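A quick write-up on the structure given underneath.
The values are calculated or read from the model by the stated rules, or taken from the named source; none is laboratory data. Not measured: the values here are computed from a predicted model. Neighbour counts are summed over all protein chains in view; Cβ atoms, including those assigned to glycine, are modelled from backbone coordinates with ideal geometry.
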Amino acid sequence: MGKITSIFAFSASLALIGGAYAANVHLKSGPFFIDNGLTLTATGTLAGLGLQDIVVGMTATANPIATCTNPAGQNKPPGQNPAPVSVSATPEAIPASEIKNGNASFSLTTNPPATPVAGAPDCPNSSWTEVITDLQFTSATIMVQQPAPNVVLIVSCTFAPPTANGPVAAGTVTCTSH
């Protein structure tokens, strides 16, 4: 009888240890996005988390709107179309103590792009000043690690059409998780 009790206790211990690790991390709600002009904010709630610290990060790609200013200080010419830019959020570290019943909420905002753009590559020449005035986001990727650097969830989202300033309508966002 003592061996059976010991085996049961050992099996129960393994089950508890296994429960400390993320098993099926997924989005409980969100992600919800807001285009802030030069930055993108994503919020949501994760579920299926284990009892370890998590790190949530985000990168996004956008079509910039830019102005070119000549050395005399006049904006010329219209219609500049700089190449797409990538921006990223400072990763959010969420301690295990904030995970409740396997759930945790996150809020990330990308850093703005570097502006003025060094060398003004989309202007008539490098003596001009190129300033990014707005970003129209086309995609975002959210990555969850638990514990870091173990990636447990990647959510890839596309925006069609590209975002405009303000809350991003849910009908314009398509996300896949892997």
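Here are a few things to note about the model shown:
- Yes/no for residue 147 being surrounded by 14 or more Cβ atoms within 10 Å (Cβ to Cβ), in a loop (DSSP other than H, G, I, E, B) and of a type outside the set (Gly, Ala, Ser): yes
- If you go through segment 100-122 and keep only what is outside any strand (DSSP E or B) and at pLDDT 95 or above, you end up with 101, 102, 111, 112, 113.
- Sole exception among (1) farther than 28 Å from residue 46 by Cβ; (2) in contact with a strand residue (DSSP E or B) (Cβ under 7 Å, 6 or more places away or on another chain) for residue 114, by number: (2)
- Among the residues of segment 95-123, those identified as within 20 Å of the chain's Cα centre (by Cα) and closer than 22 Å to residue 36 by Cβ are 105, 106, 107, 108, 109, 110, 111, 112, 113, 114.
- Per the listing 118, 93, 140, 89, the residue uniquely among the aliphatic types (A, V, I, L, M) and free of Cβ contacts under 8 Å to residues at least 24 places away in the same chain is 118.
- The number of residues in segment 124-167 being within 20 Å of residue 60 (Cβ to Cβ) and under 18 Å from the mean Cα position of the chain (by Cα) comes to 26.
- Test result for residue 97, assigned to a helix (DSSP H, G or I), more than 17 Å from residue 44 (Cβ to Cβ) and among the hydroxyl-bearing types (Ser, Thr, Tyr): yes
- Contact map, segment 26-37: residues that are β-branched (Val, Ile, Thr) paired with residues that are surrounded by fewer than 14 Cβ atoms within 10 Å (Cβ to Cβ), Cβ distance under 6 Å, separation 6+ or inter-chain. Pairs shown: 34/167.
- Within segment 155-178, tally of residues that are without any contact (Cβ under 8 Å) to a residue 40 or more places away in the chain, in a strand (DSSP E or B) and surrounded by 13 or more Cβ atoms within 10 Å (Cβ to Cβ): 2
- The residue list 43, 69, 90 contains one member that is among the hydroxyl-bearing types (Ser, Thr, Tyr), more than 21 Å from residue 160 (Cα to Cα) and at pLDDT 95 or above, which is 90.
- One residue alone among 81, 125 is touching a residue at least 40 places away in the same chain (Cβ under 8 Å) and either in a loop (DSSP other than H, G, I, E, B) or surrounded by 15 or more Cβ atoms within 10 Å (Cβ to Cβ) (or both), and that residue is 81.
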